Amino acid sequence: QKLNDNATAKSLLSSLVEKDYDNAIVYSVLADIYVNENNMEEAKKVLDKAAAKYPENTGIIISQLNVYIKEGKANEHLDKMLKAVQLEPNNHALHYVLGVTYQEMKESDKAEAAYLEAIKIKTNYYDS
């Protein structure tokens, strides 16, 4: 059942994150609460921790992108993605999210190239 009490949910989820609970959804839901409260700094902290713990979870990475977009800072996310791809050039998920970032920035050719690279790395990658 869905909780309508954000304060209680935030408290419970924060406790789980502090205990390093192993479930990406916990991080995502907590970050969503912060985004809904317009607390982008806390949302970014939670998502950064989640991204370190689950580096191939595209949902987490896309949530990070959405926070940057809401702040009008997609370029900052692009910088992070380019560095991440440089560090892990064979990570299909990073190429996919790089494509999403370019798409949000209305750079279709670069988005397509990134999506194709994701498929080249993992041919059965359904998100691309």
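The values are calculated or read from the model by the stated rules, or taken from the named source; none is laboratory data. Just so you know, these numbers come straight off a predicted model, no measurement behind them. Cβ sites come from the backbone with ideal geometry, for glycine too, and all protein chains shown count toward neighbours. When the accessible area is computed, the model is the full protein with side chains, heavy atoms only, and any ligands, DNA or RNA have been set aside. Shrake-Rupley method; radii C 1.70, N 1.55, O 1.52, S 1.80 Å.
Evaluate the following for LEU13: is it open to solvent by less than 80 Å² (accessible area, probe 1.4 Å), modelled with pLDDT of 90 or more, under 21 Å from HIS95 (Cβ atoms) and among the aliphatic types (A, V, I, L, M)?
In short, no.
Filter segment 18-54 for residues that are open to solvent by less than 60 Å² (accessible area, probe 1.4 Å) and among the acidic types (Asp, Glu) and give the result.
Within segment 18-54, GLU42 is the sole residue that qualifies.
Looking at the structure I just gave you, is LEU98 surrounded by 17 or more Cβ atoms within 10 Å (Cβ to Cβ), under 30 Å from THR123 (Cβ atoms) and modelled with pLDDT of 85 or more?
For LEU98, the condition - surrounded by 17 or more Cβ atoms within 10 Å (Cβ to Cβ), under 30 Å from THR123 (Cβ atoms) and modelled with pLDDT of 85 or more - is met.
Hey, among the residues in segment 60-80 that are farther than 11 Å from MET105 by Cβ and not charged (D, E, K, R), which one's surrounded by the fewest Cβ atoms within 10 Å (Cβ to Cβ)?
Out of the qualifying residues, it is GLY72.
Scan (1) within 25 Å of TYR102 (Cα to Cα); (2) touching a residue at least 24 places away in the same chain (Cβ under 8 Å) for the single condition ASN6 breaks and write down its number.
(1)
Of the residues that sit in segment 7-51 and are on the phi < 0 side of the Ramachandran plot and not in a helix (DSSP H, G or I), which one is farthest from the chain's Cα centre (by Cα)?
LYS19
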